[in-house]
Amino acid sequence: MDNLSIGIVGAGNWGTTLALYLNRKSIKVILYEYFRERTERLRLERENKEFLPGYRISEDIVITNEPEELVKNSTSIFFVLPSHALKNVLSLFSEYINDEIICSFIKGIDPDTLQRMSQVLEEKIPQAKNKVVVVSGPSIAREVAKGIPTSLVAASRDIKRAEIVQKILSGEKMRVYTSSDIVGVELGGSLKNVYAIASGICDGMELGMNAKSALITRSMAELKRLGIKMEGESETFAGLSGFGDLIVTSFSTYSRNRTVGERLGRGEGLNEILDDMVEVAEGVRTTKSTCKLSDKYNIEMPIAREVFSVLFENKNPRTSIGDLMQRDLKREKR
């Protein structure tokens, strides 16, 4: 591990947190910021005041705006971006990448192509085909930055590469498991954001723990039905990248998606909410993708459909709750 050098593409909340975490482990880190003016500000201030205020960025962490510099000096490249930004950023990096370990921390589904982010990476970086590693799990960035214990899953069809990422990340404050179920791990991490919005709506409407517990349980039933149809493994959805991530995103006050839902439940409009937010709430975009996947695979997903109606059709959340409660009675299916 002495020759490790990790390039982190994306200097947002989670990207900056990973840079700080790896630097504490004495691993060389190069952090890429897309916007040149932000790059210069990060170099000067040594603090990400916009996305992770209160944490000093060590002088040992190289901050760059040059894709070639990052790739040339990295043994592994971690993509830590909003899903909608990946394709544009990849166009800047793809010509320089050879056989570096490519790892995605991105939780999203492209609403146009319905591709998972590992599929986008493999399409733009053909040499990474069947080699991309995906990392997911219950991981609120600010808690990782504080040094609070966290557990994640690194998944890849190339299990040796997943094991390398496992060793890079694992330490006293982080435990990482491996999996070959990249589909299940990626879907769990992406789709749970839709249901975190629903959980936030419950909070905003002050519906209590009975309703929220039932909602989370039935949300996982929906997510799992779709995930298995898309060739994810049932056990994966009961693990860290499934239920684990759904729980933390549904309850944490730091969860952007839960916050969107909470404000919707209090009667605010989506545009007003999004205009106030600095960070991206992936669940808004992923809700569209989830409903398209539901149609494509003919999977019943009533909770996701109601989230879509509240977000994009101005449906009153109370009406959505009522419609869910009045659906035809049936036997419980997990």
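Select from the range 72-97 the residues that are in a helix (DSSP H, G or I) and either aromatic (F, W, Y) or touching an Asp or Glu at 6+ places or on another chain (Cβ under 7 Å) (or both) and write down the one among them that is nearest to P111 (Cα to Cα). My answer is S83.
The set of residues in the range 29-56 being touching a helix residue (DSSP H, G or I) at 6+ places or on another chain (Cβ under 8 Å) and more than 21 Å from V280 (Cβ to Cβ) consists of V29, I30. Among the residues of the range 98-119, at least one is assigned to a helix (DSSP H, G or I), in contact (Cβ under 8 Å) with a residue 24 or more places away in the chain and either of a type outside the set (F, W, Y) or buried (at least 20 other Cβ atoms within 10 Å of the Cβ) (or both).
Only one of the listed residues (K296, K333) is in contact (Cβ under 8 Å) with a residue 12 or more places away in the chain, assigned to a loop (DSSP other than H, G, I, E, B) and more than 15 Å from the chain's Cα centre (by Cα). That residue is K333. Scanning the range 71-117 for residues being within 18 Å of L152 (Cα to Cα) and among the charged types (D, E, K, R) gives a total of 1. Can you confirm whether V280 is at pLDDT below 95 and crowded, with 16+ Cβ neighbours inside 10 Å? Here the answer is yes, as V280 does meet what is asked. Scanning the range 245-260 for residues that are touching a residue at least 60 places away in the same chain (Cβ under 8 Å), of a type outside the set (D, E), assigned to a helix (DSSP H, G or I) and surrounded by 22 or more Cβ atoms within 10 Å (Cβ to Cβ) yields T249, N257, R258, V260.
One residue alone among I148, I228 is surrounded by fewer than 21 Cβ atoms within 10 Å (Cβ to Cβ), on the phi < 0 side of the Ramachandran plot, assigned to a loop (DSSP other than H, G, I, E, B) and at pLDDT 95 or above, and that residue is I148.
The test for being touching a residue at least 24 places away in the same chain (Cβ under 8 Å), buried (at least 19 other Cβ atoms within 10 Å of the Cβ), under 26 Å from C291 (Cβ atoms) and more than 13 Å from the chain's Cα centre (by Cα) does not hold for A128.
Mind telling me which of the residues I273, I182, I216 ends up being more than 25 Å from F51 (Cα to Cα) and without any contact (Cβ under 8 Å) to a residue 60 or more places away in the chain?
Only one candidate passes the filter, namely I216.
Per the listing R285, R263, the residue uniquely within 20 Å of M220 (Cα to Cα) and either within 17 Å of the chain's Cα centre (by Cα) or not in a loop (DSSP other than H, G, I, E, B) (or both) is R285.
The values are calculated or read from the model by the stated rules, or taken from the named source; none is laboratory data. Everything numeric in this text was worked out from a predicted model, so none of it was measured. Cβ: placed from backbone, ideal geometry, glycine included. Neighbour counts: every protein chain shown.
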